[in-house]
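The values are calculated or read from the model by the stated rules, or taken from the named source; none is laboratory data. Only a predicted model underlies this, so the values are computations on that prediction, with no experimental measurement involved. Because the Cβ atoms are built from the backbone with ideal geometry, glycine has one as well, and the counts that use them run over all protein chains shown.
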Amino acid sequence: MKGDSIEVYCQNKECGEPEVHKDIIGHHETMRYRRMNYMGSKEVRPAVVVVKHLLDKETPPSGTYFLYQCPVCGAKRAYHDSGGMIKEVDTKVIDEIAA
């Protein structure tokens with residue numbers, strides 16, 4: 001799985017752009033959320049998890065983490081891929097895997 005193939009959007013409503021829809025009755029606006037930029041991936045190997053556990057340091061679960069950042073507000077999001085299952089992780093995990 002490639003991280004750049006996942007479409008991730010910023011959750012900040014102020015980053016979005018209004019999108020006008022026209023129909024028979026009239027028109028209405030909806031917010032179109034801004035797509036986040038793919039910032040790369042970071043792999044956490046099982047050996048690193050064991051060593052950090054022995055040193056009493058917190059470490060995220062092993063696997064590949066895909067990192068994304070909003071080009072407007074700078075908000076960050078991360079997704080964890082472990083055995084084909086992809087799920088969003090808390091933003092504090094981004095700081096832990098960057099260290």
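Under the condition of being of a type in the set (A, V, I, L, M, F, W, C), at pLDDT below 75 and either in contact with a helix residue (DSSP H, G or I) (Cβ under 8 Å, 6 or more places away or on another chain) or surrounded by 10 or more Cβ atoms within 10 Å (Cβ to Cβ) (or both), the residues counted in the range 32-58 number 4.
When Ser82, Ser5 are screened for being loosely packed, with under 10 Cβ neighbours inside 10 Å, under 16 Å from the mean Cα position of the chain (by Cα), modelled with pLDDT under 80 and not hydrophobic (A, V, I, L, M, F, W, C), only Ser5 passes. Checking each residue in the range 14-27 for being at pLDDT 80 or above and closer than 17 Å to Arg77 by Cα picks out Glu14, Cys15.
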